[in-house]
Amino acid sequence: MAKVYNWQIGREMEYPYEAARPKKQFGMVMDLNKCIACQTCTVACKTTWTAGRGQEYMYWNNVESKPYGFYPLGWDVRILERLGVQPMDGPVYRGKTLFDAAPEGERVLGYLPDDLDYAHPNIGEDDSAGDLAQGAFLQMPHMQWMYYLPRICNHCTYPGCLGACPRQSVYKRPEDGIVLIDQQRCRGYRECVRGCPYKKTYFNPMTRVSEKCIGCYPALENGRQSQCTITCIGKIRLQGFISVPDRLREDNPLDYIVHIARVARPLIRSSGWSRTCTTSRRCTCRPPISSRCSAGGWTGRSPTTAARARTSGCSGRCSCSAPRPRSSTTTGSKETTRSATTRTTPRSCACRSASRSFSARLMMSATGAGAPT
């Protein structure tokens, strides 16, 4: 395996392919204080992308009630049990990653969910005390608590699904870092489903290939945002492009929230297994008033903010970037390198209907305009 630097764990880790940076990285920050689990984002994503046959149990976006809700069932606790308790020394994670802990003959530690694990999309929703009869009173020795967790594909920098695929049918787009599946190369081995720690890759039993969130890239290519972002009632999502730590842009709100203010964290980072360098993050607290975003950019910045940003989380070795399965061909004395993740025109994607006409309908539906004739 190659050695790649993962800035989230503060050290190098093993990965099946060498690192390579996309031109920019799609990212999203979600404010969990504002999420009310209305499931509007779930319905918008479902009706847009997964309304076909074989996609009945696909939820590229879903909202869970933690700590009691899961989709698929037990997706996080099961992989935690397999990885076990791992040491973490300060900001540097010294334990095993999912790639380090992979069994013999496998690339990444994972598991394949059962079919019944997908049968209950809303299990645990709004459930913190169980079922109580009318008029019953329950007093607990500790405070009852729960929170809502919206989830999409994290479009990881070092995706487990990409590393696990033996066909190299999973790849990252070099223009925006979105992770896609080439369905013409996919043979339905479901290794991507096994390898994804967030279980956000799904197998379609009708087409016999895998599918996943595509980041609404037809909308992004036309200057719009994803369906889950524009339909969110609570406006909890901030979507854009995240810079790598050694190339921060202080005027980029996502860079400020993630790298400078550090109020947005990757999913379950402290548990010791979310080690794929995710780009979808959750924010459970707000930055100071003087640092919030305004029409003129971030206000209240001190002269040393940029200097702190450059040294806050970067060791200068950062190569937090898209992995590329590589194959080399030699022509004369000159060697050229090709990568499955650098296809400028993919033969297929996770949704075959992402055409120009569908992109137009998607944008018009988002703006409330009538369907084109």
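Modelled label positions at R247 and E56, each set 7 Å beyond Cα in the direction of Cβ, lie 4.6 nm from each other. For a straight C-alpha distance cut-off of 29 angstrom, the lysines reachable from K34 (same-chain residues fewer than eight places away being disregarded) are K24, K46, K66, K199, K200, K212, K235.
Over the stretch 152-198, calculate the relative contact order: mean separation of alpha carbon pairs under 8 Å at least 6 apart, over the residue count, as a percent.
Relative contact order for the stretch 152-198 comes out at 44 percent.
Remark on A102: its backbone amide H falls under 5 Å from those of L109, a criterion applied only to residues 5 or more positions apart or on other chains, H modelled at 1.01 Å from N.
Checking every one of the trypsin sites (Lys or Arg not before Pro) in the stretch 77-114 against DSSP loop status and a limit of 13 other Cβ atoms within 10 Å picks out R94.
Counting only residues at least eight positions apart within a chain, or on another chain, the lysines with an alpha carbon under 20 Å from that of K23 are K172. Applying a DSSP loop filter and a limit of 12 other Cβ atoms within 10 Å to the trypsin sites (Lys or Arg not before Pro) in the stretch 209-258 leaves K235.
Please give the Cα centre distance for the stretch 27-55 versus the stretch 183-261, rounded to the nearest Å. The two parts, judged by their Cα centres, are 12 Å apart.
Its relative contact order, with pairs defined as Cα atoms under 8 Å and 6+ residues apart, puts the stretch 50-115 at 18 percent.
Applying the Karplus relation 6.51 cos²θ - 1.76 cosθ + 1.60 with θ = phi - 60° to the stretch 63-80 yields 3J(HN,Hα) values of 10, 10, 9, 8, x, 9, x, 8, 8, x, 4, x, 4, 8, 5, 5, 6, 5 Hz, where x marks Gly and Pro. Which loop-located GluC sites (Glu not before Pro) does the stretch 1-110 contain, where loop means any DSSP state but H, G, I, E or B and the Cβ has at most 10 other Cβ atoms within 10 Å? Filter output for the stretch 1-110: E104. For R94 and L116, the FRET efficiency from 1/(1 + (r/R0)^6), where r spans their Cβ atoms and R0 equals 41 Å, is about 0.65.
Coordinate-derived values only; no laboratory data. Keep in mind it's a predicted model, so treat the numbers as computed, not measured. So basically every Cβ, Gly included, is an ideal-geometry build from the backbone, and we count neighbours across all protein chains shown.
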